[in-house]
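Below is one structure, written out as structure tokens; comments come after it.
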Amino acid sequence: MFVRTILIAALAAVGALGVPMAAAAEEPQSMTSADLARDAANMAVLDRFYRALSANDGTAVAELLTGARIWGGGSDGALFVDGGPYDTDAALLAGVFGRIDPRFEFLSGYAGSYLSSGDRVVALGSFLWSNRSTGRAVEIPFAHVFTFQDGEITRLEHYTDTGKALDLVTPD
């Protein structure tokens, strides 16, 4: 289940980056100093985003996502959020942070690697959640596809391993 989910997320990420499969096999273009500066600025935003998530700082996360269109790419939506899309800041706060099931506690999250292509960045990482009633903790891998414009997040697509999310709610 895990391998299939990650493969699907990787294929979705390649498609979301707008990279035709034939182009993926071509020689990479050299990056300009403007490309490097853009990527560094985008990575700085993502660093702040994941630090705020790990600190459970909903206000800082919401500020970084102000004006962004959020789509919960269908996976753990039934457990934590309703899937979106969220077109306004109020909808984001209500649909994501306001809907986290009280049976679960968010413990931490991190992005271990980034794949950048122009104005899009794919972040691969994990969230650690705990079931409050059982004390069971489950690490749930994710793929986030961010779209940037002028150094700000304008879209976020969220994919996670549904099987791992279900492990959180399934009794031993």
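Below is a table of values for the structure above.
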| read-out | value |
| --- | --- |
| Sole exception among (1) open to solvent by 40 Å² or more (accessible area, probe 1.4 Å); (2) farther than 20 Å from L46 by Cβ for S108, by number | (2) |
| Selection from region 139-156 of residues that are farther than 14 Å from F49 by Cα and open to solvent by 10 Å² or more (accessible area, probe 1.4 Å) | E139, P141, Q149, D150 |
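This table checks each residue for (1) among the polar types (S, T, N, Q); (2) buried (at least 19 other Cβ atoms within 10 Å of the Cβ); (3) at pLDDT below 70; (4) in contact with a helix residue (DSSP H, G or I) (Cβ under 7 Å, 6 or more places away or on another chain).
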residue	(1), (2), (3), (4)
F49	no, yes, no, yes
L53	no, yes, no, yes
E63	no, no, no, no
G67	no, no, no, no
I70	no, yes, no, yes
A78	no, no, yes, no
V81	no, yes, yes, yes
A90	no, no, no, no
P102	no, no, no, no
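The values are calculated or read from the model by the stated rules, or taken from the named source; none is laboratory data. Since the model is a prediction, treat every value here as computed from it, not as a measurement. When we count neighbours, we look across all protein chains shown, and the Cβ atoms used for this are built from the backbone with ideal geometry, even at glycine. Remember, those area values only see protein heavy atoms, side chains included, never the ligands or the DNA or RNA. Shrake-Rupley method; radii C 1.70, N 1.55, O 1.52, S 1.80 Å.
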